[in-house]
1. When you check A:Ser92 against the structure, is it more than 11 Å from chain B (Cβ to nearest Cβ) and modelled with pLDDT under 90, yes or no?
2. Which one of these is open to solvent by less than 60 Å² (accessible area, probe 1.4 Å), under 22 Å from A:Arg94 (Cβ atoms) and modelled with pLDDT of 75 or more: B:Arg172, B:Arg186, B:Arg153?
3. Kindly indicate which of A:Pro186, A:Pro134, A:Pro105 is away from every other protein chain (no Cβ under 13 Å), modelled with pLDDT of 70 or more and out of contact with any Pro (no Cβ under 8 Å at 6 or more places or on another chain).
4. Just to be sure I understand the filter: pairs with C-beta atoms under 7 Å, separated by 6 or more residues or on different chains, first member in segment A:37-56 and under 15 Å from A:Tyr145 (Cα atoms), second member among the hydroxyl-bearing types (Ser, Thr, Tyr) and at pLDDT 90 or above. Which pairs pass?
5. Which residues, counting only those in segment A:144-163, are on the phi > 0 side of the Ramachandran plot and either polar (S, T, N, Q) or at the interface with chain B (Cβ under 9 Å from one of its Cβ atoms) (or both)?
Amino acid sequence: MTADVNSAEAFSNEQEIALLSQIVDGDRASFEELHNIYQPRLFKFVFRLTRSYNTADELTNDVLFTVWQDAGRFRGDSRVSTWIFGIAYRKSVRHLRKRRLKLVPALDQDAIVDESGGDIERQDWVQQGIDQLPPKQKLTVMLVYYVGLSCEETAAATASPVSTVKTRMFHARRKLKKHLAIAATPSSLLEEEDHE
Amino acid sequence: MSKPAKAPSHDELRQRIPWYLNGTLSEVQATEVRQHIRECRQCQSDLVIHEEIRQVVNREETTPIVPANAAASLLNRIPDDESRTGFQVPRFWTAAAAAVTLVTIALLLMSQFGEGQRATNVLYETATSADTRPEMGYVLRVRFEEGIPAEIRARVINELGGEDMRELDDSRTYEMLVQLPGTSLRELEHFANEVKARSEIHDAEFVALQLPVR
């Protein structure tokens, strides 16, 4: 079950389209309504990507400001949520590239095993793998699994062909699988491989 | 009589797994994936990885409390006469209109500093935060695609700011300092996107804010 980012919508898509058309006419009250619907969702989406409160706040405001500015550009050929998260996608890609954000520092292999011989949790490894994905792959994963977009909606949001979206998910899975395989390999064996 | 739909291939079904997991496939497509996974070890393995990704992405974690009154705060930053896009404008004309604006502003700047003087004579300190100041300088950096002929670069440079665009060492990158009201940061980012959308341009961005040294 995906997060409640998409499922618990306060407004239907038709109602959101109506809000957008009011925003085009400069209706601030309508913008405030749409803002209140999307701001928490966008904030969580960006925060999970960046792990930075200030960045999440800044990017969220940036996205919503663009919604205010470009409401007239919405053509109605996708859901409003797809359009808005598409804006979030583009701004997040630019941000991640520009800042060259390292969300989680690469774990030292020797630090994996603690004194008692236990391993870091597998979920943390998966999270680290996701964090290390290239920006577009990571964002595609978030749009599919966190926002819950269909393949066609993801393609629309990212302004990419459906085939590109599928390829990004394919590569993301492959990278994660490789990352988890490394995580499962004892560090002593990795050192042997390095020396060969 | 219509032909029966061709059965999807293994690769097609494998690619559908993420959307099978997030529940957005049609009933027919989901059934095809479910049946295929029962018989295909490779897809079973893929399913496991994808499910792990999905769980981690959605796991409960502490998210900072969203700031209150955020809508009001954002609305207060939008001037009453803020112009918004109400219709589709061809990208070139939007960029051209903005370029004319920038050239005009650059000319005004030059006239302020007198004949022969340039805005770059003013001392600036570099900052990266969008402080609210009456006026700020923005550094717009534009990088051309590789192989763009010199005459086309010259034409684009002329549209963007003419001789105020300073060529950097690699001969594909140009910078220009523009002074505008502080609230214009987002409008300029919008403009940078328009510039970046042009076929000749590889990248366009604002790399720094230049604040006049007090």
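1. Judged against the criteria, A:Ser92 is a match.
2. Answer to the selection: B:Arg172.
3. Details: A:Pro186 fails: modelled with pLDDT of 70 or more; A:Pro105 fails: modelled with pLDDT of 70 or more.
None of the other options fit; the residue is A:Pro134.
4. Between residues of segment A:37-56 that are under 15 Å from A:Tyr145 (Cα atoms) and residues that are among the hydroxyl-bearing types (Ser, Thr, Tyr) and at pLDDT 90 or above, the close pairs are A:Leu42/A:Thr60; A:Phe45/A:Tyr146; A:Val46/A:Thr60; A:Arg48/A:Tyr146.
5. Residue satisfying the conditions is A:Gly148 alone.
Each row is one residue, and each column tells you yes or no for (1) touching a strand residue (DSSP E or B) at 6+ places or on another chain (Cβ under 9 Å); (2) over 22 Å from B:Arg59 (Cβ atoms); (3) at pLDDT below 90; (4) of a type in the set (Asp, Glu).
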residue	(1), (2), (3), (4)
A:Ser30	no, yes, no, no
A:Glu33	no, yes, no, yes
A:Lys44	no, no, yes, no
A:Leu49	no, no, yes, no
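The values are calculated or read from the model by the stated rules, or taken from the named source; none is laboratory data. On a predicted model such as this, the values are computed, not experimentally measured, just so you know. For neighbour counting, all protein chains shown are included, and Cβ atoms are generated from backbone atoms with ideal geometry for every residue, glycine included. Please note that ligands, DNA and RNA were not included when accessible areas were found on the heavy atoms of the full protein model with its side chains. Shrake-Rupley method; radii C 1.70, N 1.55, O 1.52, S 1.80 Å.
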